[in-house]
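This report refers to the structure that appears directly beneath it.
The values are calculated or read from the model by the stated rules, or taken from the named source; none is laboratory data. Note that the coordinates shown come from a computational prediction; the quantities given were computed from them, not determined experimentally. Every residue, glycine among them, receives a Cβ derived from its backbone with ideal geometry; neighbour counts consider all protein chains shown.
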Amino acid sequence: MSKKTPTSTDLIHHPYEAPPGFQSVMPGVHKASTVIFKDTAALRARQWKDKTGYTYGLHGTPTTFILEERLAELEGGLQTALAPSGLSAISLVDMALLKSGDEVLIPDNAYGPNKDFASAELAAWGITHQFYDPLRADLLPALITERTKLIWLEAAGSVTLEFPDLLGLLRVVRQHSYIKVALDNTWGAGLAFSAFELDPGDGLPKGVDISVHALTKYPSGGADVLMGSVVTRDEALHLLIKLTHMRLGLGVGGNDAEAVLRGLPSLALRYNAHDDATRQIAQWLIQRREFAKVLHPALPDSPGHAYWKETCVAAGGLVSVVFDERFSVAQIDAFVDALKLFKIGYSWGGPMSLAVPYKLSHMRALGSSIKGNLVRFAIGLERVEDLIADLDQALASLSAG
Ligand SMILES: *Cc1c(COP(=O)(O)O)cnc(C)c1O
């Protein structure tokens, strides 16, 4: 009896095809570096810039195309480029839009690595930046010159959660048609407000030009994937970004795209649950005597609350507290260490609640009305009573100590 030993050729050229007539709730996971062309004519006619065909894994697969379409729909845009992290989506926008001699304006409370990219990388390429106060649209005109080619918006501000004067800022920038407006929309997730519909009035163009989203956070929802998106609704702008995307060689894997696709159907449910729980916890936190300030855009005392009210229907899952100055950094760290359900770690949007202590004095170039030692909480999907009990017991250890 001899059994035919399969050769490596047989093992590679197996007769696999997706079964016709098969349908499922979730799209298939296609993984490809190589994409196979039918013949040389198809290869020579390849066109990667639009979605009429598949050319190479970096330029997309059926799985990433579906994710791109869904994200464009979520954000109210038309086109999407996917990047391997939220931060690489931010740097992609900078690299696509800025040249030596240009200047970019960044809110002083932006996601820190966005500011670092400008200070370190962009500066080295002769691209300058200025940080601006996102609550003071009246101060913005003085910063704008003919070199200003891009302005970043971010709502709410990173860590301190001030809500920017989005409409006021747009009213200023839209006076200058050569300035592109990019929003870091990670907190709003396409659900708290509609980035492309923000209406500055006065007959000015509506919305931002670019919405960037760290899919790592709410869309994935699992605390287990890194990915970012750049959504536009202008074909020429998308192509500009897509060409830079191609030259940088940015791509995402099929399994990661699937993980985000899997999160999207429950995104709104989860976002609302994070939002509800966070509002309840914020209400509990403002009763406590340990804090000088509770920062959450839906609280009337939180900076930019009026701007939040003007544009938003939800408030996300983040809340920060500034400790009363009688508490030392060591005491605050002990409080964070005493938390049991809240784990210590970066990022947010996943099922588990997280706490991170920050020292504000290192973070703001322009200074801030919010001073002192802060802890940011990302509220997960645990029962609210359990989270409050956890905060309560950790605060008890603070006063005992
Ligand atoms: C997390 C985050 C990013 C970066 O996302 P990564 O996927 O971690 O690189 C960008 N902007 C904001 C506002 C974020 O919270």
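A few comments on the model shown:
- Contacts under 6 angstrom Cβ, first residue in the range 95-118 being farther than 17 Å from Ser85 by Cα and polar (S, T, N, Q), partner within 14 Å of the ligand (Cβ to nearest atom) and assigned to a loop (DSSP other than H, G, I, E, B), 6 or more apart: Asn109/Gly157; Asn109/Ser158; Asn109/Thr160; Asn109/Glu162
- Within the range 83-118, being within 16 Å of the ligand (Cβ to nearest atom), in a helix (DSSP H, G or I) and of a type in the set (Gly, Ala, Ser) holds for Gly86, Ser88, Ala89, Ser91, Gly112, Ala118.
- Test result for Ala42, out of contact with any strand residue (DSSP E or B) (no Cβ under 9 Å at 6 or more places or on another chain) and either at pLDDT 80 or above or under 29 Å from Ser220 (Cα atoms) (or both): yes
- Residue check: Arg289 meets all listed conditions (1) assigned to a loop (DSSP other than H, G, I, E, B); (2) free of Cβ contacts under 8 Å to residues at least 24 places away in the same chain; (3) not polar (S, T, N, Q) but one, namely (2).
- The range 122-137, subset out of contact with any Asp or Glu (no Cβ under 8 Å at 6 or more places or on another chain) and touching a residue at least 24 places away in the same chain (Cβ under 8 Å), residue nearest to the ligand (Cβ to nearest atom): Trp125
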